[in-house]
Each structure stands twice: as structure tokens, then as C-alpha cells.
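Trainee: Before I ask anything, let me first share the structure, which is written out below as C-alpha cells.
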Amino acid sequence: MASVPLSSLCFSQTPKSLCFSFVASDNLRFSSSSSSLRFLTPKKNRTRIRVSVCRAASPSPSPSLVFRNLDADDFRHPLDKQNTLILRAIPGLNQLGKALLGTVAEQVMLLENIGTSVLVSKDQLSDLHRLMMEAAEVLNIEAPDLYVRQSPVPNAYTLAVSGKRPFVVVHTSLVELLTQKELQAVLAHELGHLKCDHGVWLTYANILTLGAYSVPGLGALIAQSLEEQLFRWLRAAELTCDRAALLVAQDPKVVISVLMKLAGGCPSMADQLNVDAFLEQARSYDRASSSPVGWYIRNAQTRQLSHPLPVLRAREIDEWSRSQDYRSLLKRALPINSLQKV
């Protein structure tokens with residue numbers, strides 16, 4: 001059986017302090033300051049050295065608009081709405097989930113993160129804390145706990161159990177890959193999962209699938225069908241949360257840039273990536289998959305994926321940013337400066 005995460009984002013951070021890389025030579029010593037490197041080794045003993053300096057990043061601009069009385073259905077993707085209604089209609093599912101996912105599960109997840117990650121706060125990684133608090137304010141949701149975890153795989157995910165305090169985990173490699181504005185879009189994406197109760201409902205769906213596998217006879221067939229439906233919903237939920245990211249970033253190119261970097265980016269090539277070229281790539285994928293054979297291959301390619309393909313997510317968010325629904329939400333929003341004066 002395929003393993004399905006509760007809810008996760010499978011979305012070149014400028015380093016926050018002076019850093020340098022070099023090809024070292026023998027007997028080389030140096031001292032550094034915020035703007036220069038001073039060599040202390042005698043000139044005749046030096047060999048050629050390549051140095052790149054990254055200055056501390058200035059804080060990214062805050063979002064200019066906030067959404068008061070924002071409801072999850074204001075930006076929920078239609079397929080997400082449809083599948084959420086189906087789960088809510090299953091008798092007893094909510095009570096079953098609460099019974100199976102109680103304090104023990106919460107403690108396991110909590111202790112795992114406290115023991116292996118860094119908890120972000122105003123006194124610990126304050127820039128990340130500010131990005132989370134701003135994103136939560138824009139989406140009109142209480143900010144969850146935020147952890148940073150050491151991992152070479154760029155990823156972020158959200159864990160939530162009904163009635164318990166949720167938390168978001170961000171991997172260090174993702175922080176290194178993205179700008180602050182892009183990282184805030186990732187946090188907004190994760191907040192979208194919480195705003196839409198994805199974590200709780202996806203957990204309940206997993207329980208249903210596991211239960212079906214234990215039924216003799218047709219149980220496996222039923223479970224496979226449930227899994228396929230679940231993956232379809234997971235993909236729709238990701239599209240919803242990309243919209244939450246756009247509501248905070250308020251610039252579709254920021255969200256698309258995140259998707260592009262996850263598809264094929266690294267810090268050393270970040271300044272060479274082109275969002276417009278990536279969108280053209282998405283359009284070429286649509287054209288290539290429009291034939292009957294292409295349609296079949298596309299479905300086979302995505303059927304067992306928990307996340308839509310990056311090019312498809314980019315195209316979706318580009319289209320929604322041009323939609324009347326998005327423009328209507330922007331008209332409802334309030335300038336953040338006006339709230340600060342009240």
C-alpha cells in the first residue's frame with residue numbers, strides 16, 4: 001500500500017549571515033568582516049583563490065493586504081470542495097478519528113519534533129517567526145508552531161490532529177533554496193492545509209483505507225479504490241494551498257518560482273531561472289498531453305502521485321491569478337497599514 005502523508009508540501013535563499021566558499025591553498029590564513037576578506041599570508045606564498053561572498057539578506061517586504069473574515073471555501077479548489085464534502089458525509093468518521101488519534105499520537109509527534117528540530121520563536125530564528133506570523137495574519141488564522149529540521153530534501157509539511165495544536169516543519173535545504181518571499185509563500189501553503197482542515201480529514205481518509213485492507217475478500221480492491229480517490233483529493237488539496245500561498249505572496253511569480261525551484265533549482269543556479277520560460281514549459285506539457293495517447297500517459301504518470309506535477313501547479317496558479325474569483329478576493333482585502341493605524 002502506498003504511504004500517504006497527512007499533509008505536506010512537495011513545493012536561493014540568500015544566507016542570513018556572511019558566508020564564503022573558496023579553493024584553499026597551503027599556509028593560507030585570512031580574516032573576514034562584513035564587507036571584505038583580508039589575507040594574512042605573505043604574498044609570495046599565495047596561490048590563486050576563488051572567493052564568493054554572500055551578504056546578509058535584508059528583510060523581505062511584508063504583504064500589503066490582509067483578508068478579514070476569510071473562509072476556506074473562498075479559495076478552496078472545486079475538486080477539494082467535492083472530496084471534502086464526501087468525507088464529511090461518511091457516518092462516524094469524525095468520531096473514529098478522534099478516538100484513534102488521541103493524546104498518545106500527539107505526544108509521539110510532538111516529542112519527535114522537539115527532540116530532532118529547532119522550534120522557531122521571536123527569540124529563535126526570528127526572521128522565520130516574522131514570516132509565519134505575517135502569513136497567518138493575512139489568512140486570518142492562528143499561527144501554528146514552526147520547526148526547522150535538518151534535511152537535504154527540500155520539503156515542508158503540516159501535522160494536525162483534531163483539537164490539538166498543529167505544527168509546521170520546514171527542512172533546512174528548503175530554507176537554503178528559497179528567497180524569504182518564496183519561503184513565506186511555502187509557509188502560507190502550509191497554513192492553507194490548516195485553514196481547510198486538510199490534516200484532520202486526510203488522516204481520517206487514511207484510517208478508512210487501512211481498515212479496508214483488513215477486510216477479507218474484496219477489501220484490497222476497495223482499499224485500492226479508496227487510495228486512488230485519496231490521491232486525487234491530495235492533489236486537489238495541494239492546488240487549494242497554492243492559492244493560499246498566492247493570497248499571501250500577492251504575486252503569482254513568487255509562487256511559480258517556488259514550484260520551478262522544486263522541479264529543478266539549486267542555490268547556485270537560482271539567478272538564472274526564468275518563471276516565464278517555466279510557464280511556457282507548462283503550456284507545452286498541456287499541448288503534448290492533449291492527444292489520446294498523451295492523455296493516457298499523463299493519467300498514468302500522475303495517478304499515484306500525492307502532489308500534482310510542478311508544471312501543472314504553475315499553470316493552475318497562473319490561471320487562478322487571472323480569474324474573477326481572485327480579483328474579487330483582492331477587492332475584499334484591506335491594506336495592512338490601515339489596520340496598524342487602528
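Trainee: Can you pull out the residues in segment 312-333 that are surrounded by 13 or more Cβ atoms within 10 Å (Cβ to Cβ) and either outside any helix (DSSP H, G or I) or touching a Cys at 6+ places or on another chain (Cβ under 9 Å) (or both)?
Mentor: Once the filter is applied, which keeps residues that are surrounded by 13 or more Cβ atoms within 10 Å (Cβ to Cβ) and either outside any helix (DSSP H, G or I) or touching a Cys at 6+ places or on another chain (Cβ under 9 Å) (or both), segment 312-333 yields only ALA333.
Trainee: Report yes if LYS331 is modelled with pLDDT of 90 or more and either more than 21 Å from the chain's Cα centre (by Cα) or over 26 Å from SER173 (Cα atoms) (or both), otherwise no.
Mentor: Values: modelled with pLDDT of 90 or more: yes; either more than 21 Å from the chain's Cα centre (by Cα) or over 26 Å from SER173 (Cα atoms) (or both): yes.
For LYS331, the condition - modelled with pLDDT of 90 or more and either more than 21 Å from the chain's Cα centre (by Cα) or over 26 Å from SER173 (Cα atoms) (or both) - is met.
Trainee: Testing ASN274 on (1) surrounded by 12 or more Cβ atoms within 10 Å (Cβ to Cβ); (2) farther than 21 Å from GLU238 by Cα; (3) under 23 Å from the mean Cα position of the chain (by Cα), one condition comes back false. Which one is that?
Mentor: Answer for ASN274: the failing condition is (1).
Trainee: Can you give me the number of residues within segment 120-129 that are closer than 23 Å to ALA244 by Cβ and open to solvent by 60 Å² or more (accessible area, probe 1.4 Å)?
Mentor: 1
Trainee: Continuing with the same structure: Quick check on my filter: what residues within segment 52-79 are open to solvent by 60 Å² or more (accessible area, probe 1.4 Å), outside any loop (DSSP other than H, G, I, E, B) and at pLDDT below 50?
Mentor: VAL53
Trainee: Hey, can you tell me all the residues within segment 290-308 that are assigned to a loop (DSSP other than H, G, I, E, B) and surrounded by fewer than 18 Cβ atoms within 10 Å (Cβ to Cβ)? Full working, then the answer.
Mentor: Of segment 290-308, the ones assigned to a loop (DSSP other than H, G, I, E, B) are 290-291, 303-308.
SER290, SER291, ARG303, GLN304, LEU305, listed by residue number.
Trainee: Just give me the residues in segment 146-186 being outside any strand (DSSP E or B), of a type in the set (A, V, I, L, M) and modelled with pLDDT of 90 or more, in sequence order.
Mentor: VAL153, LEU174, VAL175, LEU177, LEU178, LEU183, ALA185, VAL186
Trainee: Mind checking which pairs have a first residue in segment 309-329 that is more than 23 Å from SER289 (Cα to Cα) and a second that is of a type outside the set (Ser, Thr, Tyr) and outside any helix (DSSP H, G or I), Cβ under 7 Å, 6 or more apart or different chains?
Mentor: Going by the 7 Å Cβ cut-off, the qualifying pairs are LEU329/PHE67; LEU329/PHE75.
Trainee: If I filter segment 135-178 down to residues being under 11 Å from LEU191 (Cβ atoms) and among the acidic types (Asp, Glu), which single residue comes out as least open to solvent (accessible area, probe 1.4 Å)?
Mentor: So the residue we want is GLU137.
Trainee: While we're looking at this one, here's another question. Does any residue of segment 138-145 turn out to be within 21 Å of VAL108 (Cβ to Cβ) and under 16 Å from the mean Cα position of the chain (by Cα)?
Mentor: Of segment 138-145, the ones within 21 Å of VAL108 (Cβ to Cβ) are 144-145.
Next, from what is left, pick out any that are under 16 Å from the mean Cα position of the chain (by Cα): 144-145.
Yes, the conditions are met somewhere in segment 138-145.
Trainee: Just to be sure I understand, how many residues within segment 232-266 are more than 15 Å from GLY192 (Cα to Cα) and either more than 12 Å from the chain's Cα centre (by Cα) or buried (at least 21 other Cβ atoms within 10 Å of the Cβ) (or both)?
Mentor: The first filter runs over segment 232-266 and keeps only residues more than 15 Å from GLY192 (Cα to Cα), leaving 232, 251-254, 256-266.
If we keep only those that are either more than 12 Å from the chain's Cα centre (by Cα) or buried (at least 21 other Cβ atoms within 10 Å of the Cβ) (or both) as well, we get 232, 251-254, 256-261, 263-266.
Result for segment 232-266: 15.
Trainee: Please work out which residue is most open to solvent (accessible area, probe 1.4 Å), limiting yourself to segment 179-189 and to residues that are under 16 Å from SER126 (Cα atoms) and not basic (Lys, Arg). It would help to see each step written out before you state the result.
Mentor: Applying the first criterion (under 16 Å from SER126 (Cα atoms)) to segment 179-189 yields 179-181, 183-184, 187.
Filter once more, keeping what is not basic (Lys, Arg): 179-180, 183-184, 187.
Working: THR179: 50, GLN180: 12, LEU183: 1, GLN184: 2, LEU187: 1 Å².
The qualifying residue most open to solvent (accessible area, probe 1.4 Å) is THR179.
The values are calculated or read from the model by the stated rules, or taken from the named source; none is laboratory data. It should be emphasised that the depicted structure is a prediction, and the values quoted were computed from it without experimental measurement. All Cβ positions, even for glycine, are placed from backbone atoms using ideal geometry, and neighbour counts span all protein chains on display. When the accessible area is computed, the model is the full protein with side chains, heavy atoms only, and any ligands, DNA or RNA have been set aside. Shrake-Rupley method; radii C 1.70, N 1.55, O 1.52, S 1.80 Å.
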